[in-house]
Structures are given as C-alpha cells and as structure tokens.
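Each remark here refers to the structure printed beneath this line.
What follows draws every value from the coordinates through simple rules; no lab data is involved. None of the values given here were measured: they were computed from a predicted structure. Ideal geometry is used to build each Cβ from the backbone, glycine not excepted, and the neighbour counts take in all protein chains shown.
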Amino acid sequence: MMDFWIAASLLLLVALAVLLVPLLRGRKAQTEEDRTALNVALYQERVAELQAQVSAAVLTAEQAAQAQAQAARELLADTEGCETERTARLGRWLPITAALLVPVLGLGLYLHWGASDQVALSRQFAQAPQSVAEMTTRLEQAVQLQPDSAEAWYFLGRAYMAQSRPADAATAFEKAVNNAGRQPELLGQWAQALYFAADKQWSAQLQTLTDEALKADPQETTSLGLLGIASFEAGRFNDAVVFWRRLVAQLPAGDPSRAPLEDGIARALEQMLSAGQSLPAEPVATAVADGTSLKVRVSLAPALKDKVLPGDSVFIFAKASEGPPMPLAVKRLTVADLPAEVSLSDSDAMMPQLKLSNFPRVQLQARISRAGDAKAGEWMVRSQPLASNSRDVQQLLIDSADQ
C-alpha cells in the first residue's frame with residue numbers, strides 16, 4: 001500500500017500546484033502594477049514641479065520641455081515589459097482555501113467510495129498462500145468485499161470442504177448458486193456439503209439437488225460420486241456400482257480419482273457376492289468380450305454329499321496367478337446345481353480393467369459357503385495355474401476344507 005499512497009501524494013501535489021501557481025503569478029503581477037503606479041505618480045509630480053519653476057521664471061519654457069521629456073523617457077524605461085492594464089484580479093484567499101480543501105475533500109471521497117481494501121486484497125492474492133487457512137481468510141475477505149461474486153463464494157466453499165467444514169461450505173455454495181444460477185456443478189457441490197454436514201444422512205433436499213444436476217448434465221461428477229457414496233452407506237451396493245461406473249467411465253486413464261473409485265466398486269461387488277445378489281451388468285462400452293473364455297466343470301466329492309445342503313452357495317472364480325487378488329470373473333451356483341459346467345469370460349469381469357484377457361495365466365477356484373460369503377466358506381478347491389486362453393474344459397472337484 002505504501003507505493004499507492006506515494007502515488008496519491010504526488011497527484012495531490014500536482015493538484016495543489018495547479019491551484020497555487022496562479023496565486024503566485026497574481027502576486028507578482030500586483031507588485032509590478034504597484035511599482036508602475038508609483039512611477040507614474042512620480043512623473044506627474046515632476047511635471048508639476050517643472051510648471052511651477054517656469055511660472056517662477058526659474059526655468060525657461062524650453063528648459064522645462066527638455067526636463068519633462070527626460071522624465072517621460074525615465075518613466076517609459078521603468079515600465080517597459082510590465083502590464084499596463086489588468087482585466088481581472090484573482091482573489092487571494094480563494095486559491096488558498098481551495099488548496100486546503102482539495103486534499104481533505106479528496107481523502108474523504110476516497111475513504112467513502114474508494115477501494116483501498118480491495119487494493120490490499122489484490123496484493124495479497126498476488127502472493128501464494130502459505131496454508132489452506134490463509135487462503136480461506138483471503139477468500140472470506142473477498143466475499144465480504146464482493147458479496148455478488150459467485151466465483152469467490154465457490155472457491156470459499158471448496159476451501160471450507162478442504163478444512164472439513166461442510167456446514168460453512170454448504171452456505172458458501174448456496175450463495176454461489178444464488179448469484180450464478182442453478183448450474184449443475186454448483187448444485188452437486190452444494191448437495192455434497194449438505195450431505196456431510198448432516199452426518200451422511202440422506203434427505204429429500206439432497207435427492208432434489210442431485211436429480212436437478214444430473215438432469216441438466218448426466219455426467220456431473222460430484223453428483224455421481226455423492227450418489228455412489230450415499231448408496232454404498234445405505235447398503236444399496238448395486239446402485240453404488242452403477243453410479244461409480246458412470247463416473248469412472250468419464251475419467252482419464254491417469255486420473256488419481258480412479259483408484260479409490262475402483263476400490264469402492266470392488267468392495268461393493270464383494271458385498272453383493274456375499275449377499276447372494278446378482279452382479280450388475282457392465283456398461284456396454286466395457287462389457288464386450290474379445291473371445292477369451294474358460295470352460296469349467298465343477299463337481300462335489302462323494303465324501304462331502306452328506307456334509308452340505310442343496311441350498312449352499314457355490315462360487316466359481318478365476319484369479320490372476322500373478323496380480324491383484326480380486327477375482328477376474330465369477331459365477332454363482334448352488335450345491336443342488338452340481339455337477340455343472342460354466343463358462344468364465346471377460347463379460348463376467350467384476351471390474352473393466354480386470355479381465356481374463358488382460359492376464360496370461362490364471363488360477364481357478366470353487367468354494368462352498370453355507371452363509372453365502374464369497375470370501376470364506378466350508379469347502380473349496382484350487383486348480384494349478386493355467387493359460388487364460390485355454391480351450392480345454394477344466395475339472396474342479398470340491399473335496400477340501402476351506403482354510
């Protein structure tokens with residue numbers, strides 16, 4: 001701010017100079033005018049003396065004429081270069097009064113209508129903040145100075161969310177919506193802040209906001225992510241998978257958000273398998289198989305027939321021999337269906353990037369679980385690693401205790 005006030009002071013000096021220079025010039029002109037009047041008076045007095053001397057016969061008329069001519073020449077010499085007539089006279093106190101009032105009036109007008117606080121804030125934003133708290137403080141000052149700025153309210157809401165202050169963030173996003181209109185991204189951010197401010201309790205208002213956002217923009221990322229979270233928390237795993245898959249489909253391959261979303265999808269699918277629910281179909285763009293398929297024949301060892309029930313779940317997996325522990329493909333049957341032959345292919349993938357065709361060698365597993373838990377049961381079998389493009393029918397005999 002120091003350079004701002006220096007510049008303002010220089011401008012003030014220029015204004016004072018404009019006012020005071022005429023006053024100084026007026027004083028000089030007045031001095032010159034007074035000197036001229038004195039010279040004229042002295043000339044007139046000299047002429048009167050010469051006339052008196054002529055009347056007293058002290059000087060002849062010719063001598064008096066010569067002396068008067070000499071006095072006239074002296075008068076002309078003294079008044080040469082001086083104004084002989086002034087059409088106007090500048091008042092002495094008017095410029096002085098104006099010179100005193102201009103800085104006072106200018107300062108008062110600037111303090112009332114000026115923007116020194118905005119100048120100071122702009123200087124702060126020119127420097128990188130040292131912390132999120134410092135950035136939040138700056139944004140709070142910005143919305144106080146510009147309460148109609150939707151952009152300032154939006155970034156303030158994002159800063160509040162970064163500080164785990166969802167209630168404050170919801171207020172900020174609401175202000176942004178009021179100023180900028182009901183844009184899909186703002187509605188999604190508002191709904192997300194309200195959701196976390198309400199301790200992850202879904203409400204009719206949240207449903208209205210997300211519905212409105214996705215109606216205007218079916219790919220609005222915040223709304224899709226929020227609906228996936230809310231569905232997962234409520235145990236609606238199928239809906240969570242659908243929403244998150246829609247979100248992942250529009251993210252770039254290297255986006256850091258993909259990993260947590262894919263992990264959430266995997267956990268939701270595991271919950272569905274454990275609950276005996278049918279897995280949701282892959283999106284059309286990722287469900288097309290490339291011909292990779294494994295045929296598996298699953299049967300039950302005779303020694304176990306009296307130890308299982310017809311309704312016990314049977315899970316058949318294909319996992320990568322070297323790679324993620326997540327199943328690449330899965331099918332679910334019951335003990336009553338055994339023996340049975342199934343086909344595992346890319347269309348049975350639990351996640352788009354985890355397909356049979358992406359891994360050269362896999363291992364087959366079959367598990368019986370009375371509780372319907374795909375991750376733990378009573379009996380199972382594991383095959384030796386084999387090529388994922390094998391055309392032979394693979395035989396799996398469930399005969400070992402699950403450990």
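Here the gap between residue 238 and residue 275, fully extended at 0.36 nm per residue and compared with their Cα-Cα distance, gives a gain of 12.2 nm. Available extension along the chain between residue 334 and residue 217 is 37.8 nm, counting 0.36 nm per residue and deducting the alpha carbon span. Treating each Cα of the stretch 293-401 as an identical point scatterer and summing with the Debye formula, the log10 of I(q)/I(0) at q = 0.13, 0.20, 0.21 Å⁻¹ comes to -0.43, -0.99, -1.08. Put a plus charge on the Cβ of each Lys and Arg, a minus charge on the Cβ of each Asp and Glu, and nothing anywhere else: the dipole of the stretch 293-401 about its Cα centre is then about 120 debye. Shape summary of the stretch 136-281, radius of gyration then Dmax from alpha carbon positions: 16.5, 58 Å.
Ranking 189, 229, 294 by how far each Cα lies toward the positive end of the dipole of the stretch 167-322 (charges on Cβ) leaves 294 at the top. Working ranking of peptides 206-216, 296-306, 150-160 by packing, defined as the average number of other Cβ atoms within 10 Å per residue, highest first, is 150-160, 206-216, 296-306.
Scoring 181-194, 225-238, 379-392 by mean Cβ neighbours within 10 Å over their residues and listing the highest first yields 181-194, 225-238, 379-392. The stretch 143-189 and the stretch 191-250 have Cα centres lying 19 Å from one another. Amide H contacts of residue 381 (H built 1.01 Å from N, in plane; Pro and chain starts excluded): 366 sit under 5 Å, all sequence-distant by 5 or more or on other chains. Residue order for 322, 74, fewest other beta carbons within 10 angstrom first, comes to 322, 74.
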